[in-house]
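Chemist: Submitted below is the structure of interest, expressed as structure tokens.
The values are calculated or read from the model by the stated rules, or taken from the named source; none is laboratory data. Everything numeric in this text was worked out from a predicted model, so none of it was measured. Cβ atoms come from the backbone with ideal geometry, glycine included; neighbour counts cover every protein chain shown.
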Amino acid sequence: MRKSQQHLSLIAWACGFFCLCPVATYCASAQSAAGPVGVFEGHGDVGAVLHAGSVEYDGANHAYTVSGSGENMWSVADAFQYVWKKVSGDVTLTAEISFLSKSGNEHKKAVLILRQTLDGDSVYADVALHASGLTSLQFRDEKGAVTHEIQSNISAPKRLRIAKRGDYVYMSLSGDSEDPKVAGGWLRIPLQGTFYAGIGVCSHDKDVVEKAVFSNVSLETPKPGPAAQATLYSALETIAIDSTDRRVAYVAPGRFEAPNWMRDGSAFLFNRDGRIERLGVDGDKPTTIDTGFATRCNNDHGISPDATQLAISDNSQDGHESLVYIVPIGGGAPRRITQKAPSYWHGWSPDGKTLAFVGQRDGEFDIYAVLAAGGEETRLTTAKGLDDGPEYSPDGKYIYFNSERTGHMQIWRMKADGTGQEQVFADELNNWFPHISPDGDWMVFLTYEADVTGHPENKDVMLRLMSLSDRKITVLAKLFGGQGTINVPSWSPDSKRVAFVSYVRIPI
């Protein structure tokens, strides 16, 4: 045996029996085989770290002090100290978390994490508390894929929870020691069979070891509850089209729907319980807009190009069928626009003079146009089957819409006068509600699976993005939603983000 080979063998022998090697990758298997610690079965460094991590357990206070190194938990691979237990099915992991030092990288992380394997590039979801106070639900939904996150609107919570219910994972947070409240950020993560649940620390600096304390830790594997006893929660979120990272703006029990983004970027509008509500982009409590007698507003509403008026669709009058009205943006008496019902607003021409809407006439749903000042409606589509979701392009040349004239729902467009109707692309899925970015470069739309009829609520759906220059389509987000998620225009004024609503059912 040559000297170099003998030297490597001695290193491997030392790592395997005494874990003396300073390079943690040599020692990973020995660390992972460490014995039980509190409610957990083992611990070890995941990924390549320069300094081995550790854990100390205080049984009297149910507290774990976890030391971890690692360059990051991000991108396509992670490096951190992990204290874990093998579980299956539904699981809830809760803890109070604090860092022992305020120094170090502001992005160092203490996490509650569910992980398919102990590989560095494993599928996972975690609730990550950063030293800066940023708290996110991070995830990798395919082995080796890039990590994404849903940022909470709550900074530096004290008590955190990650919960898996069926195929969905969500986070709950609390500013004190009380039971955490649902904080939005729920997503489908393909954790199959047996997986790992535990706590971890990443220093975000490969040359440094950081410590965090996890106290009052609770790890539970509840049995699934009856679906009828589940509580529905809604979350208004925004998503960046370049990174696909999401941020929670507002969460509440019950159902609200269909965000518009104000033209100046200052606030969102959405409908709930028949009213239109306004939420500042940095606010936490929405206010109700006065819409007079129109107290049964549905999810088809939008803002005029000059930001002075609001189009609403309301079911308060004429046999409780939807009609289109205009009210001042700050609230006021509704002015009726459509004379026939049902009619559902969807688009406003860039010059502010014309509204595009969907109307059911003689059993057929078609797209119509009407002057914002009022008058006779003009029918723009005549094909058999449902036509819906009309929206003007920013230059006013086209109206984009969705139509089932081919047998399932697809995205189409036509000239503003209704001529030149053409299919934008074709696939085997059902695609709804095309929304064109203010700069005219992008189209976001809602996608259902091929076997879904209509646009029902509470379905597994996708938000997809098309580049209008080359027609390339990418997935922005996978979520539980559908009706109410993105019915109306919701682009940010700078064309960089989209607002939408996601939903989750949480068993009591």
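Chemist: Return a yes/no flag: does the stretch 304-314 have any residue that is assigned to a strand (DSSP E or B), at pLDDT 95 or above and of a type in the set (Gly, Ala, Ser).
Modeler: Yes, the stretch 304-314 contains a residue that is assigned to a strand (DSSP E or B), at pLDDT 95 or above and of a type in the set (Gly, Ala, Ser).
Chemist: From ASP439, ASP388, ASP427, which residue is assigned by TED's automatic domain parsing to the domain that holds ILE337 and under 26 Å from LYS340 (Cβ atoms)?
Modeler: Result: ASP388 is the single residue among ASP439, ASP388, ASP427 that is assigned by TED's automatic domain parsing to the domain that holds ILE337 and under 26 Å from LYS340 (Cβ atoms).
Chemist: From the set of residues in the stretch 315-341 that are among the aliphatic types (A, V, I, L, M) and part of a loop (DSSP other than H, G, I, E, B), which is surrounded by the most Cβ atoms within 10 Å (Cβ to Cβ)?
Modeler: ILE337
Chemist: Do you know which of the residues in the stretch 266-284 that are farther than 19 Å from ASN487 by Cα and modelled with pLDDT of 95 or more is farthest from the chain's Cα centre (by Cα)?
Modeler: SER266
Chemist: Taking the stretch 265-292 as the search range and keeping residues that are farther than 22 Å from HIS435 by Cβ and in contact with a Pro (Cβ under 7 Å, 6 or more places away or on another chain), which one is surrounded by the most Cβ atoms within 10 Å (Cβ to Cβ)?
Modeler: The qualifying residue surrounded by the most Cβ atoms within 10 Å (Cβ to Cβ) is THR291.
Chemist: So which residues in the stretch 206-249 are closer than 21 Å to ILE508 by Cα and part of a strand (DSSP E or B)?
Modeler: Listed by number, the residues that qualify are VAL217, SER218, LEU219, GLU220, ALA230, THR231, LEU232, TYR233, SER234, ALA235.
Chemist: Would you pick out the residues in the stretch 168-177 that are of a type outside the set (A, V, I, L, M, F, W, C) and either modelled with pLDDT under 90 or surrounded by 15 or more Cβ atoms within 10 Å (Cβ to Cβ) (or both)?
Modeler: TYR168, TYR170, SER172, SER174, ASP176, SER177
Condition check ((1) in a strand (DSSP E or B); (2) within 15 Å of ALA212 (Cβ to Cβ); (3) hydrophobic (A, V, I, L, M, F, W, C)) across all residues:
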{"residue": "GLY44", "(1), (2), (3)": "yes, no, no"}
{"residue": "SER67", "(1), (2), (3)": "yes, yes, no"}
{"residue": "GLU96", "(1), (2), (3)": "yes, yes, no"}
{"residue": "THR117", "(1), (2), (3)": "no, no, no"}
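Chemist: Another question, then. Of the residues GLU457, GLU449, GLU428, only one is over 26 Å from SER234 (Cβ atoms), under 27 Å from the mean Cα position of the chain (by Cα) and among the charged types (D, E, K, R); which?
Modeler: Result: GLU428 is the single residue among GLU457, GLU449, GLU428 that is over 26 Å from SER234 (Cβ atoms), under 27 Å from the mean Cα position of the chain (by Cα) and among the charged types (D, E, K, R).
Chemist: Looking at ALA60, ALA48, which is the one that is part of a loop (DSSP other than H, G, I, E, B) and at pLDDT below 95?
Modeler: Answer to the selection: ALA60.
Chemist: Also: Among the candidates ALA197, ALA156, single out the residue that is in the same structural domain as ASP119 (by TED's automatic domain parsing), touching a residue at least 12 places away in the same chain (Cβ under 8 Å) and buried (at least 19 other Cβ atoms within 10 Å of the Cβ).
Modeler: Residue meeting the stated conditions: ALA197.
Chemist: Among what's in the stretch 368-408 and is small (Gly, Ala, Ser) and part of a strand (DSSP E or B), pick the residue that is nearest to LEU429 (Cα to Cα).
Modeler: SER403
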